[in-house]
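The values are calculated or read from the model by the stated rules, or taken from the named source; none is laboratory data. Note that this is a predicted model, so its numbers are computed, not measured. Reconstructed Cβ throughout: ideal geometry from the backbone, glycine too, with neighbour counts over all protein chains shown. What goes into the accessible areas is simple: the full protein's heavy atoms, side chains included, and nothing from ligands, DNA or RNA. Shrake-Rupley method; radii C 1.70, N 1.55, O 1.52, S 1.80 Å.
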Amino acid sequence: MKIGFIGLGIMGKPMAKNLIKAGYSIVVYDRNKEKRDEVVAAGAEEGFSPKDVASRTEIIITMLQNSPNVKDVVLGTNGILEGAKEGTIIVDTSSIAPLASKEIAAEAAKKGVDLLDAPVSGGEPKAIDGTLSFMVGGKKEVFDKCYDILSKMGASVVLCGDIGAGNTTKLANQIIVAINIAAMSEALVLGTKAGVDPEAIFNAIKGGLAGSTVLNAKAPLVMAGNFKPGFRIELHIKDLANAIETGHDIGVPLPLTSQIMEIMQALKVDGKAQDDHGGIIQFYEKLAGIEVRK
Ligand code: NAD
């Protein structure tokens, strides 16, 4: 069986390489030729459009920024549906609006093509070492067919419900991560300005109730002044916008999410949209006039 992979950015590139390492034969495409070349050099076949990839493969994985990119790649001119055979499966691992996943799945179904929405958490390090967490929406029988493939890129692959459930779960994940980073930032800025070494604070609290995966991953980067993405603030803004829109649609106010959204908007105005989301701390540092560094 041949697998297609479209979208070879920060996440897609290492995920595609892990499929090659696991022995799968894959055809890759990204609109950026340099990114394609790098994965081809690692052993993939080159694809020349989403349509071309679909005509040469049975399961196609997409890893793109947001809903418009996925709609373009799946439904657009020279898109996947133009090249796909009946029975093809699309596994969209991008983080997009749940409603968009449902719309794309409905269009795909008209051609006998199944869709799973299967966004991930874990970021670039876990994409590289193949330990991502997949949260999946779609039909159980389609999920079962894709389980082994997703397991080569992830340590956890969980079916959360019908189509859209994967991206709904991802919105929950993104709310928790954003608020955690903001809480960590507020706390470390307070401690540092009060004259305590931030590394001592980190070491003292990481094993207690305040400890978290976010704290372990982001505090060392903050203290090193390293805001290289990782996960860009720009993409987290996209996720919170999808969360707020979804919440408002179904009648769920999201007061904390809205506040972090405005912090991220301020960082964007300040030219920090391409920084890692650990860079949220720069908002607090500016307010307090201090930097949290080792
Ligand atoms: P990225 O911008 O690095 O990569 C996206 C890739 O898609 C780019 O290489 C781009 O050229 C390609 N692309 C976009 N539109 C295309 C089109 N029409 N045709 C062909 N190629 C196209 O983004 P990323 O950081 O890899 O994130 C991808 C998705 O994964 C996003 O939805 C993001 O929210 C999610 N995500 C990212 C992280 C992270 O830490 N970076 C973690 C979890 C989830």
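Specify the residue that is most open to solvent (accessible area, probe 1.4 Å); the eligible residues are those in the range 250-294 that are under 25 Å from Asp197 (Cα atoms) and outside any helix (DSSP H, G or I).
The extreme case among them is Lys294.
Have a look at Gly122, Gly138, Gly154 and point out the one that is away from the ligand (no atom under 16 Å from the Cβ) and in contact with a Leu (Cβ under 7 Å, 6 or more places away or on another chain).
It is Gly138.
Being touching a residue at least 24 places away in the same chain (Cβ under 8 Å), crowded, with 21+ Cβ neighbours inside 10 Å and touching a Gly at 6+ places or on another chain (Cβ under 7 Å) narrows it down to one residue among Met11, Met63, Met15; which is it?
Numbers: Met11 fails: touching a Gly at 6+ places or on another chain (Cβ under 7 Å); Met15 fails: touching a Gly at 6+ places or on another chain (Cβ under 7 Å).
From the options Met11, Met63, Met15, the qualifying one is Met63.
Go over the candidates Lys85, Lys35, Lys51 one by one and state the one that is part of a loop (DSSP other than H, G, I, E, B) and either open to solvent by 40 Å² or more (accessible area, probe 1.4 Å) or assigned by TED's automatic domain parsing to the domain that holds Leu116 (or both).
Numbers: Lys35 fails: part of a loop (DSSP other than H, G, I, E, B); Lys51 fails: part of a loop (DSSP other than H, G, I, E, B).
Every option except Lys85 fails the conditions.
Mind checking which residues of the range 73-111 are more than 26 Å from Gly247 (Cβ to Cβ) and either modelled with pLDDT under 95 or acidic (Asp, Glu) (or both)?
Result: Glu82, Glu86.
When you check Asn226 against the structure, is it within 17 Å of Lys286 (Cα to Cα) and either in contact with an Asp or Glu (Cβ under 9 Å, 6 or more places away or on another chain) or outside any helix (DSSP H, G or I) (or both), yes or no?
yes
Just a yes or no: is a residue in the range 177-192 open to solvent by 30 Å² or more (accessible area, probe 1.4 Å) and either part of a loop (DSSP other than H, G, I, E, B) or in the same structural domain as Val91 (by TED's automatic domain parsing) (or both)?
no
Which is closer than 24 Å to Asn167 by Cα and either away from the ligand (no atom under 16 Å from the Cβ) or assigned by TED's automatic domain parsing to the domain that holds Lys139 (or both), of Ile59, Ile26, Ile20? If you could, list the steps in order and put the result at the bottom.
Numbers: Ile26 fails: closer than 24 Å to Asn167 by Cα; Ile20 fails: closer than 24 Å to Asn167 by Cα.
Among Ile59, Ile26, Ile20, only Ile59 is closer than 24 Å to Asn167 by Cα and either away from the ligand (no atom under 16 Å from the Cβ) or assigned by TED's automatic domain parsing to the domain that holds Lys139 (or both).
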